[in-house]
1. Give the residue from F22, P74, L209 lying farthest towards the positive end of the charge dipole for the chain; charges sit on Cβ (+1 for Lys and Arg, -1 for Asp and Glu) and the dipole is referred to the Cα centre.
2. Solvent-accessible area per residue for segment 23-154 at a 1.4 Å probe radius, Å²?
3. Dipole size in debye (nearest 20) for segment 17-100 around its Cα centre, Lys and Arg Cβ +1, Asp and Glu Cβ -1?
4. Quick one: dipole size for segment 1-50, taken about the Cα centre, charges +1 on Lys/Arg Cβ and -1 on Asp/Glu Cβ, in debye to the nearest 20.
5. Based on the Cβ-Cβ distance from A79 to Y11, what FRET efficiency comes out when R0 is 22 Å, to the nearest 0.05?
6. Which value in deg cm²/dmol, rounded to the nearest 500, describes the helix-derived mean residue ellipticity at 222 nm for the chain, given -39,500 (n - 2.57) per DSSP H run of n ≥ 4 and division by the residue count?
7. Which of A156, Y127, V144 sits closest to the plus end of the dipole of segment 120-164, meaning its Cα is farthest towards the positive end, when Lys and Arg get +1 and Asp and Glu get -1 on the C-beta?
8. Can you compute 3J(HN,Hα) from phi for each residue in segment 161-167, using the Karplus curve 6.51 cos²θ - 1.76 cosθ + 1.60 with θ = phi - 60°, rounded to whole Hz and x for Gly and Pro?
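The values are calculated or read from the model by the stated rules, or taken from the named source; none is laboratory data. As the structure is a computational prediction, the values presented were derived from the model and not from experiment. Cβ: placed from backbone, ideal geometry, glycine included. Neighbour counts: every protein chain shown. When the accessible area is computed, the model is the full protein with side chains, heavy atoms only, and any ligands, DNA or RNA have been set aside. Shrake-Rupley method; radii C 1.70, N 1.55, O 1.52, S 1.80 Å.
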Amino acid sequence: MLKLENISKYYNPGTVNEMCLFDNYNLSVEKGEFVSIVGSNGSGKTSMLNIICGSIPLDDGKIYIEDKDITKTPEYKRAEYIGRVFQNPALGTCPDMTILENMAIADTKGKPFNLRRGTDKRRTDYYKELLLGLGLGLENKLEVKVGALSGGQRQAMALLMSTMTPIDFLILDEHTAALDPKTADTIMQLTDKIIREKNITALMVTHNLRYAVEYGTRLIMMHEGKNVLDLSGDEKKNLNVEDILLKFNEISIECGN
């Protein structure tokens, strides 16, 4: 279980531009949940993911994973049990290294390094099997540099690599936003398949309301550092895109837009 307890975060504290993004914000995510997170720009979606991953520090509050306080745990240590896929496909892979070398690096995440070959040929068949499951033909391109792949192929690899080793949470930060619609649909189907097969707890920030409705077991809408909508179970299943758009319009009117 993931728990954010009384989270507070200020930007530009002590200046005329001081902004309070989170003020005693609380969130609990149960094991196995797939949470879709939507909201307007500046609502706190990506900042919340950065706080969970340790990319930005807290001003106050606690973060727990399975009742263990990780508030002071550095980002590189959290990466041992948190996988992350970014909006930019270039951030999840090493472009100047081959597919095989990228897979080998992901395979050793969390393991001690010592004097040994960078790639283990004995694992090649295993990597091919994993890549075969993507359905993109990458299993036959192990010696191709990742920088030569399309954005969709790189994002599929980033998704696969982030879940190769056992993790507690998968963080998806608008991971389809930079892709064309057809490729984005493919990546979302792969995402759902991997999360289901590995029973991973996942948080996905997205601006695609259709994905937020169709995928996941829970939907949260954020606004100004607060949850203004939190639906799961039958409420989530019966939700449609028009319902979310209506809520967006209500918030826009309240803000004077």
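1. P74
2. Heavy-atom SASA per residue in segment 23-154 reads 54 Å².
3. 200 debye
4. Roughly 100 debye for segment 1-50.
5. Efficiency at R0 = 22 Å is approximately 0.35.
6. -9500 deg cm²/dmol
7. Most positive-ward Cα: V144.
8. Those phi angles translate into 5, 5, 10, 5, 9, x, 10 Hz.
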